[in-house]
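Coordinate-derived values only; no laboratory data. Since this is a predicted model, take the numbers as computed values, not measurements. So basically every Cβ, Gly included, is an ideal-geometry build from the backbone, and we count neighbours across all protein chains shown.
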2 protein chains.
Amino acid sequence: MSKGLTPRRENYSEWYNELVKKADLAENSSVRGCMVIKPYGYAIWEKMQQQLDRMFKDTGHSNAYFPLFIPKSLFEAEEKNAEGFAKECAVVTHYRLKTHPEQKGKLIADPESKLEEELVVRPTSEAVIWNTYKNWIQSYRDLPILVNQWANVVRWEMRTRLFLRTAEFLWQEGHTAHATREEALAETEQMLQVYAEFAEKYMALPVIKGIKTPNERFAGADETYCIEALMQDGKALQTGTSHFLGQNFAKAFDVKFLNKNNQLEYVWGTSWGVSTRLMGALIMAHSDDNGLVLPPNLAPIQVVIIPILKGDNTKLLEKCHEIFQQLKQLGISVKLDDSDTQTPGFKYAEYELKGVPVRVALGQRDLENNTIEIARRDTKTKEIISLDNAIEYVKQLLPAIQQGIYNKALAFRKENTVKVDNYKEFKEILEITKPNGYTQGGFIEAHWDGTTETEEKIKEETKATIRCIPLEYEPEEGTCIYTGKPSKRRVLFARAY
Amino acid sequence: MSKGLTPRRENYSEWYNELVKKADLAENSSVRGCMVIKPYGYAIWEKMQQQLDRMFKDTGHSNAYFPLFIPKSLFEAEEKNAEGFAKECAVVTHYRLKTHPEQKGKLIADPESKLEEELVVRPTSEAVIWNTYKNWIQSYRDLPILVNQWANVVRWEMRTRLFLRTAEFLWQEGHTAHATREEALAETEQMLQVYAEFAEKYMALPVIKGIKTPNERFAGADETYCIEALMQDGKALQTGTSHFLGQNFAKAFDVKFLNKNNQLEYVWGTSWGVSTRLMGALIMAHSDDNGLVLPPNLAPIQVVIIPILKGDNTKLLEKCHEIFQQLKQLGISVKLDDSDTQTPGFKYAEYELKGVPVRVALGQRDLENNTIEIARRDTKTKEIISLDNAIEYVKQLLPAIQQGIYNKALAFRKENTVKVDNYKEFKEILEITKPNGYTQGGFIEAHWDGTTETEEKIKEETKATIRCIPLEYEPEEGTCIYTGKPSKRRVLFARAY
């Protein structure tokens, strides 16, 4: 009856791939590295979008749209940024196809339509946006500019994985321009906070806020802030970044403004983004061997009602419709599955696979006894309660499930975060498989000497990277686990997606 | 004070271009033919999206997302479709840039990253979607598939115009698959109806529903339905299309299903779309020499409150905030502009340019007299009414403005639609400038012999095309204005965007 997911302990990676496909979230397309996001998966993404969009607007941002293509010369302008993305860029060289001179029905790129200047398909939009801001900004009165865009971007990847790493992905990218360094820094931090709040309250995903090491910084940024989450296999996943761009793009694109003292200054910038990668995080953080586990705040269907059909169902269905209407009126997204082509057992497995948080089942006997069965997906527990209390019960159950999923993820992270003070132990911890059979590594808090050299050696030898320098860590004297040199605070290591 | 728009009668085309830029809707980008949609323009597009999305979902559709790129061989599969779009396709040939061997800081497409098979940037997604549906459909139980996607598409254009014709544009494309011809036809017609309702109720734009001639059909469709609207200069603008694809794509991509009698059949398809072109239609249909005129149902700001600041404004601002809150509670999108950096007159002109439907102004004297000034953008009339009735008045004014704008456009279309029975008159009408100084042509109802040859000759000689064969026209015996051959019904001609 279950769709036969590979259990996590057998092969976590396979479990993930199968789950994404079997729960109808996404699939590979005929285009190398590009995915098809299926309706059920897209419905979750839409819920994420709606909530994030609300949060962006509540913090004063507006949406806009900038071109998909970036002329190569424009892309080159901010050198570090160009260098950082050059190896992943899809390049448009022609603007027309023509019929193949010999093969009927075949097309070729028309050589006469070769572009004078190649176009880069945006891997990120700083270049095209700052080149536009240049014309929008003259004086301090034009600042700040607080703009976001929902868009697709392309970063050519050799090894792709649905949601986690795809050549094309969907995201939002905020791009703001400010009169002062302080204001831009405050914006960078504010958006990190928005992402953290979204992850925790909507995705039920506890995150660590921190700063990336210079080595892991966004190409073109002075500082990259990030949120990092722990997946069930003990690997970390970066779930959002917010970049303080300093004046780098302003200088590259000559964006100056007249300040209140009538002096020309370069503008300060930020950019911040989250992508369909969040879908991967959501799946990997909470789901189990039976399928998806969705937090109610992002579930396209929060409650499913399944009548146990048998004989004359008139009264039963009447009651189910009544419950449906009552839940709907509370703003709950509810589905009544009264189809008679599948057995209840089949339906149970199906909605379990799809991660529907609450399942309500009602049969003839329940009706006689004035009871109803309510099952929660996250704990796989069920209760028989009085029909009279059903609506109120479900109403209170949804936030309880949301909190429960968060608490579980938080407890998991606590269990799988350790302080380590020597390199031998560090390496061992990364390799130990936990009793559940599929968790290795986790977050490791350790001292580091602050050099890129050490960071890269540790990465080479252990595949663990510095996820971030957590904002909440207190300064603490110590010595680098690798070189023994002095260190002033711990950083967060993990193997990562 | 006015931003000095070129009047429509002087140069309609210039008026449009200036208005799009001065009202902060969109601008040209550094990328040939691609536009930047600015926050105010995008806010209108978002309102359109929200409403259309609701209507799609109410008719049973879900959103999904398919790849931006289409491998050339896939694109070739439906021959007519490929042929129709080949000349407008941006082609990706490389997936990597590398540093220029001689010029520091410059990049070139890495010759070693040349793709084995070129990728077409989607001009429309039938190919990639039907290739996917192939795997989704086995039996009649898998049908219908009712999917929509919000996406960007690229059709390379030599002569571009903001919103009306751009190389990249935003749109939605619905792609549905059905078990029977009848069901697919019903879907095609239903979506046309959805578009017509959206145009009329939200854009305040009366439209003619009709069928395209074979010559104007979507490449790969058996029938193209469309809605056509009349702009103020007497030119037509196609504002939406819904295509009955027959089994063309099913055959090209081998998409078959097992019907209830256990026989394999090809699937029937439809596709339908509207794009950011709707922005062009909205602007050109209603706006005037002072700026935009937005129907309240799509206005990002429906009401602006402007206090006439002078001396001690405490009480005045208190009252303005009170009105603001009361309107907001009614679900009206309202802005209070209490900035003291601009004069009221400057603000009036600014919000007029931006097309805000209702302007509420309140000064000290009003407060003393318990009155308030309420101005409507569409008619440029204003009234002084009692403060006590202000909220109720505004509440009723918004739908009245919505209706007023629609009525005006409908009256305009009626005035500018004529029946013509000979070619000489046909040509004259296209050239006559109406008393307002900028309207020429309009819709012409005339008989046509049904051949592509005649259609093309008329187009060549007059630049007028058959916009559609209107669904509502009754059969009527007549003779073709061009050839004198018999005709069974009139068709709708116009010069068009």
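Some notes on this structure:
- Label 7 Å beyond Cα on the Cβ vector: A:P486 copy-to-copy distances, nm: 10.4
- Cα gyration tensor shape of the protein assembly as shown, rounded if a/c is under 1.5, else prolate or oblate by comparing a/b with b/c: rounded
- Order of A:L387, A:L146, B:L68 - criterion: other Cβ atoms within 10 Å of each residue's Cβ, fewest first: A:L387, A:L146, B:L68
- Loop-located GluC sites (Glu not before Pro) in the range B:70-113 (DSSP state other than H, G, I, E, B) with a sparse environment of at most 16 neighbouring Cβ atoms within 10 Å: B:E102.
- Count of lysine pairs in the range B:301-404 with Cα separation under 22 Å (8 or more residues apart, or interchain): 28
- For the range B:245-321: rounded, prolate or oblate by the Cα gyration tensor [a/c cutoff 1.5]: prolate
- Part-to-part distance (alpha-carbon centres) for the range A:353-418 and the range B:287-354, which is given in Å: 48 Å
- Remark: chain B projects, on average over all directions, an area of 29.9 nm² (convex hull of Cα atoms).
- Of all aspartates and glutamates in the structure, those lying under 15 Å Cα to Cα from B:K260, and not within fewer than 8 positions of it along the same chain, are B:D142.
- The Cα atoms of the range A:1-160 cover 64, 59, 28 Å along the three principal axes, with the biggest extent listed first.
- Our summary of shape: the Cα atoms of the range A:74-125 have principal axis extents of 46, 19, 15 Å, ordered from largest down, in whole angstrom.
- Note: relative contact order over chain B, using C-alpha pairs below 8 Å and six or more positions apart, is 14 percent.
- For B:Y266, inter-copy separations between label points set 7 Å beyond Cα along the Cβ vector come to 6.1 nm, shortest first.
- Nearest-first distances (nm) between copies at B:E83, label 7 Å from Cα via Cβ: 5.2
- Bridgeable lysines around B:K106 (alpha carbons under 16 Å apart, same-chain partners fewer than 8 residues away excluded): A:K72, A:K80, A:K87, B:K98.
- Checking the Cα-Cα distances for B:K22/B:K209; B:K235/B:K463; A:K434/A:K488; A:K419/A:K457 against a 22 Å cut-off, the pairs over it are B:K22/B:K209; A:K434/A:K488.
- In the range A:419-494, one over the average inverse separation of all distinct C-alpha pairs is 12.6 Å, which is the Kirkwood hydrodynamic radius.
- Mean-position separation - Cα centroids, the range B:3-41 and the range A:419-458, in angstrom: 57 Å
- Gap separating the Cα centres of the range B:146-171 and the range B:219-251, nearest whole Å: 15 Å
- Above 29 Å, the calculated P(r) of the range B:187-342 contains 46 percent of its Cα-Cα pairs.
- Helices that extend 24 Å or more along their long axis by alpha-carbon positions and average at least -0.5 on the Kyte-Doolittle scale are, among the DSSP H runs of chain A, A:390-415.
- Based on Cα contacts under 8 Å between residues 6+ apart, the range A:301-397 shows a relative contact order of 31 percent.
- Over the range A:321-455, the Kirkwood radius and the radius of gyration, each from Cα atoms, give a ratio Rg/Rh of 1.21.
- Qualifying trypsin sites (Lys or Arg not before Pro) in the range A:253-331, where qualification requires a DSSP coil assignment and no more than 12 other C-beta atoms within 10 Å, comprise A:K260, A:K310.
- Whether the range A:458-497 is rounded, prolate or oblate, judged on the alpha carbon gyration tensor where a/c under 1.5 counts as rounded: oblate
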